[in-house]
Structure formats: structure tokens, C-alpha cells
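Following: one structure in C-alpha cells, then a few remarks.
The values are calculated or read from the model by the stated rules, or taken from the named source; none is laboratory data. Just so it is clear, the model here is predicted, and its values are computed rather than measured. Glycine also receives a Cβ, built like all others from the backbone with ideal geometry; neighbour counts cover every protein chain displayed. These accessible areas exclude ligands, DNA and RNA; they are computed on the full protein's heavy atoms, side chains included. Shrake-Rupley method; radii C 1.70, N 1.55, O 1.52, S 1.80 Å.
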Amino acid sequence: MIMFLFSFSAALLAGMGVQYLMDPQKSKEDFKKKLKFEYILFGFPGFLLLMALLFGMAGRGMINLWCSLFYPAASSTMVQQGVSKLDIAYHNLPGIQTGFWLAFVFTAIAAVCIWLYRTGKMGTGILVALLFVPVVDGIRFDKRFIKTYDQNRTWADTPLTNFFTSKNEYFRVVDLQDAQSDVLPFHKIPVVVGYHGNQLRWYDKLLGGPNLKNLMNPRFLNLVSAKYIIVPANQKLPDGYFGVKATPKVAGFGAAAVFQNDNAFPRVYLADRYKVFGDVDDVYPAVLNGTDSLQEIVYLEETPELDIVQDSINTDSAWITTYIEDTVVVGVNCSRNQLLVLTDNYYDAWHVTVDGQPAKLMRAYGSFRAIAVPAGAREVRFVYNSERYRVGKLVTWLTSLYLLIIFVFYIVQSQRRRKKKEIPI
């Protein structure tokens, strides 16, 4: 309420001042016919002074009056057991009283500045001083909410982040202390939940929506290469939860303990079996609750272009050689046609080549990338190249050029008009 009164008063006073500056003579005549300028100019500070005095002398009574007029249900609306919104208003009475006094002071200063300029007692310098009134009040108000923060408290390297960055391998981390934490990705540590909670729709379905209800699903975590799990120091992981391999505690950092999940799949691997699903929504239950070995059977939404050759003894391999923001290069040792799976999210702006030749990118497990790799292949390259980005960039440049042309045109036209006026007749 106080901020509304002050904002309304300041805006009205500013509008009156601008009107006078634009046409002072007309403004004087209008106010003589309607209302005296000084009455309006000083009426708002006077009203706020009256309110400050009334709330200062009879604060609880004024709150009762206000609630009876505008919020009759305040006394019966409970915010917690035994505490109503009216009780909250009583509790904040000192702040309300101070607010009215501050609103009066700042509005009065603004009124005096306009009056001094209008009466000719001071020049335009006083209007410059007027600009500082909302600035000072804004700083006073904002300092309660905006604090100076030492960024090193959050972003500096810690023993925990150093533990992960020292490892020369590709994995993901799930932090069960704070599943939505954005700290680890700033240290280039991949996490399961995504970097900002706005992940692709198909990956969000695997995660289980905004509530991350599938975050602790062992099949999902193994699939996304969740090799390290951070839990509170007083907890541990159930034996056999992720599979037959052990999940030992490998590090402790104060309130956090790190467990290593050796059942997690590698970030990139080869497989020679697949299933095709007609509806992608049927893939997610099979991933989360099925019985297939996901590292051996790839779930696809289309049939690969190559005939995939199965072999009971699979000695082929794949490994990441380059991993940067827009390029992933995978080395392969492939003696027969197989499927290569990279458990990074599928998106149509990613383009793939096998030994320099274009290949078809497929979506695996409803969210990740897969391609059919022919026998003898040595390198698979994923490159991000977005047609939408190129079109958007072109439109931005054309729009900027259009605005520049209009701007130059009006400047030239203005110069021509000025020269015509200067030519004596």
C-alpha cells in the first residue's frame, strides 16, 4: 500500500513537471482555470504526512480501519496455526509507520524541487537533483534484497569438484543432496538432471517430469552413465541396487559421500541387437521397467539402413576421442555392421558422418543418439549445425540492416529539411 501511494504520487508529480516543462505558459493558464498548481503539488505530501501521523499515533486502529474497508477476512484468514493475516499486519506495524514517513519525505522533496523550478527560484540544476530522488529510494529499498555475494563461495574449485575433474573419463554424476544443483556443470562436470531444468521433452519423460520421479531408477541411471552418486554422508546405497557389480564408497567430503556405480554403461558403446517401437511413448516404460539388457538391445523408432550382424563374441569397441560443445568424435573398431549408441540427447540439429560420409542419425531409447556403423569404420563424428540458428541469425542481420537504413534515411531527410529552412528567400 505504501509503495503504491509513493509510486502513484511520484509519477503524478513527475507528469505535472514534464507538462510544465513542455509548455509552461499553457500549464499556468490551465491550472489557473482548474486547480491551483501548488495545491496539487503539495497535496500529496500533505496527505502522506497525515497518514504517517495517524499511523504513528493510532497504528493498530488504522490497520483495523484499513482491513474493515478493503480486507474484512484478514482476521479470519490464517497463515499458520494461531496466526492470522491481521496478526501479521500488526507485527509489521513499525515497518508500515516508517514507510509512510519515508514516502512523505521523498514525495515532499520531489514537490519542492518542481516548485523551486516553476517559480524561477532555481534553474534546471534542481531538476537534475530531482532525478536522484527515485534513485536514492530505489537503493534504500533494494538493499534489503540485493546483497553483495562472494562468487568464490559457489564457483571456486572444491575438493568435491576436483575429485571429478581429475578423472580422465566420460561419465555423469547424480547429486542426491541437491538434484537441481547447477554447481557441478559450471566445473564442466556432466550431471544426470540437465544443466538448467529445461531439458528436451523426450529426456524429461525419462527423468519423470519436473519432480524427477525416475531419478533413482537404476536402469535409467545405468543407461545415462551415472557412474558417481553423491549422497549425504550418513547414508549409503543399497547392495545390489544398480546391478551385480559393487557400488563402493570412494570418497567423502564433509556432509557428502561419493559412491561409484560400476554397473553404469559407458557414454558410447556398440550393440548388435535392437527393437523397433512404433510409438515413442512405448519406449519409456520399457527402458524404466523392462527386463531387457539395455546395453545389448537398443530401442529404436525405425529400422536401421544397414543389416546389423549379430555375434555371440563381440570384440569390437568404441571410445570418445574428442568432446567439445558442438563436436563429438568417436573412434571405432568395427569388424561387422553394428549400432553405435552415444548417450547424449538426440536433436535433429546434430549431423553425423562415418569416416567422412553422411550417415543417418536415429533416436535410441526415446532420447539418445544411435547410428548404424558399417564394418571397417574407424571414426564417427557428431557435429551440431542448426538450420534454425542460421535462419534466425540471417533474420536478425536483415532486421538490423533494415533499421539502420531507416535511421540513416531519416537523418538525411532531417538534414535536407534543415538546409532548406536556412536558405534565404
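Structural remarks
- Once Rg and the Kirkwood radius are both taken over the C-alpha atoms of the range 366-425, their ratio Rg/Rh works out to 1.56.
- Each peptide in 402-414, 85-97, 329-341 receives the mean, over its residues, of other Cβ atoms within 10 Å, and ordering these scores from highest gives 329-341, 85-97, 402-414.
- Whether the range 189-275 is rounded, prolate or oblate, judged on the alpha carbon gyration tensor where a/c under 1.5 counts as rounded: oblate
- Helical segments meeting 24 Å axial Cα length and Kyte-Doolittle 1.0 threshold in the chain (DSSP H): 2-22, 37-57, 93-118, 125-142
- Here ASP157 and THR119 are evaluated by their C-beta separation; at R0 = 56 Å the FRET efficiency comes out at 0.35.
- For the range 73-179: rounded, prolate or oblate by the Cα gyration tensor [a/c cutoff 1.5]: oblate
- Rounded to the nearest angstrom and listed largest first, the equivalent-ellipsoid semi-axes of the range 43-99 from its Cα gyration tensor are 24, 12, 8.
- Rg to Rh, two decimals, where the chain supplies the alpha carbon set and Rh follows Kirkwood: 1.18
- Accessible area of the chain belonging to carbon and sulfur atoms, whole % at 1.4 Å probe: 59
- Rounded, prolate or oblate (a/c below 1.5 giving rounded, otherwise prolate when a/b exceeds b/c) for the range 284-372 by Cα gyration tensor: oblate
- Probe 1.4 Å, accessible area per residue of the chain, Å²: 60
- Ordering of 370-379, 130-139, 254-263, 222-231 by burial proxy (mean other Cβ atoms within 10 Å per residue, highest first): 222-231, 370-379, 254-263, 130-139
- Positive-end residue of VAL268, LEU200, SER166, charge dipole of the chain with Cβ unit charges: LEU200
- Label-point separation in nm, LYS167 to ILE405, each point 7 Å along Cα→Cβ: 5.6
- Packing, as the average of other Cβ atoms within 10 Å across residues, places the peptides 161-167, 297-303 in the order 297-303, 161-167, highest first.
- If both residues of a DSSP beta bridge must be in the range 266-425, then about 90% of such bridges are antiparallel.
- Mean Cα-pair separation over length for the chain, i.e. relative contact order, pairs under 8 Å, 6 or more apart, %: 9
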